[in-house]
């Protein structure tokens, strides 16, 4: 069965532009895959831990040597990786924070990038044959040709890290100038309509 993994990063919940656009993507994707399963990983509700010393000790030693306590350090990492393995398409909805990604999303990435599990010892990605769509919302204008376009390191980083684990078919929907919603210049619904065509193409 085809599976869509939905990864949400915004802490703004019902006020979030990225969540609104991601929901739009899911709706369109579901119409095309009515029998598919959908798995949601809400990072704002997942209480992910940052990589620490026990995690490093477990990730870089043989599982055969792990005590129950050491193995427990990788429990959430194992769960997140299994979700990725089960997915055919991954959609990541995230705001841009200070030209990059939120700490929650970085914590997620650090949990799923593991040598010998998602990346081989020769640094070949092991999660091949999947598609990914990144819906990246930004307060300012980072569109191509805009004065701050080159400051958008979030797009290039996400493409790079997804490719590192083997997901090279990556489409980025860049939804800029969300401040127009926050400042009352437009509604969230009207803002979302601007990206219907782009999101429909990504969902297809």
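The values are calculated or read from the model by the stated rules, or taken from the named source; none is laboratory data. None of the values given here were measured: they were computed from a predicted structure. As a convention, Cβ positions derive from the backbone with ideal geometry for all residues, glycine included, and neighbour counts pool all protein chains shown.
Taken as a whole, region 69-79 holds no residue that is under 30 Å from residue 140 (Cβ atoms) and at pLDDT 95 or above. Can you find a residue that is without any contact (Cβ under 8 Å) to a residue 40 or more places away in the chain and under 30 Å from residue 183 (Cβ atoms) anywhere in region 22-31? Scanning region 22-31, I find at least one residue that is without any contact (Cβ under 8 Å) to a residue 40 or more places away in the chain and under 30 Å from residue 183 (Cβ atoms), so the answer is yes. I'm trying to understand the selection: among the residues of region 86-103, which are crowded, with 21+ Cβ neighbours inside 10 Å and either over 13 Å from the mean Cα position of the chain (by Cα) or not in a strand (DSSP E or B) (or both)? Within region 86-103, 87, 96, 101 meet the criteria.
Residue under question is residue 83, and the condition is that it be touching a strand residue (DSSP E or B) at 6+ places or on another chain (Cβ under 7 Å), surrounded by 13 or more Cβ atoms within 10 Å (Cβ to Cβ) and closer than 20 Å to residue 189 by Cα; does it hold?
For residue 83, the condition - touching a strand residue (DSSP E or B) at 6+ places or on another chain (Cβ under 7 Å), surrounded by 13 or more Cβ atoms within 10 Å (Cβ to Cβ) and closer than 20 Å to residue 189 by Cα - is not met.
Considering 159, 128, the condition of being touching a strand residue (DSSP E or B) at 6+ places or on another chain (Cβ under 9 Å), over 24 Å from residue 15 (Cβ atoms), surrounded by fewer than 20 Cβ atoms within 10 Å (Cβ to Cβ) and touching a residue at least 12 places away in the same chain (Cβ under 8 Å) is satisfied by 159 alone. Applying the criterion of being assigned to a helix (DSSP H, G or I) and over 27 Å from the mean Cα position of the chain (by Cα) to the residues of region 48-78, the residue that is surrounded by the most Cβ atoms within 10 Å (Cβ to Cβ) is 70. For region 95-124, the set of residues classified as in contact with a strand residue (DSSP E or B) (Cβ under 9 Å, 6 or more places away or on another chain) and farther than 26 Å from residue 54 by Cβ consists of 95, 96, listed by residue number. Residue 143 - would you say it is touching a strand residue (DSSP E or B) at 6+ places or on another chain (Cβ under 9 Å), under 25 Å from residue 18 (Cα atoms) and free of Cβ contacts under 8 Å to residues at least 40 places away in the same chain? Yes; evaluated as a whole, the condition is true for this residue.
Of everything listed in (1) in contact with a helix residue (DSSP H, G or I) (Cβ under 6 Å, 6 or more places away or on another chain); (2) more than 29 Å from residue 61 (Cβ to Cβ), the single unmet condition for residue 112 is (2).
Within region 1-25, the only residue that satisfies the criterion of being in a helix (DSSP H, G or I), more than 15 Å from the chain's Cα centre (by Cα) and within 23 Å of residue 86 (Cα to Cα) is 24. Being assigned to a loop (DSSP other than H, G, I, E, B), touching a helix residue (DSSP H, G or I) at 6+ places or on another chain (Cβ under 6 Å) and closer than 21 Å to residue 12 by Cα is the requirement here; does residue 139 meet it? When the stated conditions are applied, residue 139 passes them. Screening the candidates 151, 192 for the property of being modelled with pLDDT of 95 or more and under 21 Å from residue 30 (Cα atoms) yields one hit, 192.
Based on what the data block shows, is residue 119 in contact with a helix residue (DSSP H, G or I) (Cβ under 9 Å, 6 or more places away or on another chain), crowded, with 19+ Cβ neighbours inside 10 Å and either touching a residue at least 40 places away in the same chain (Cβ under 8 Å) or under 20 Å from residue 43 (Cβ atoms) (or both)? Criteria not met by residue 119.
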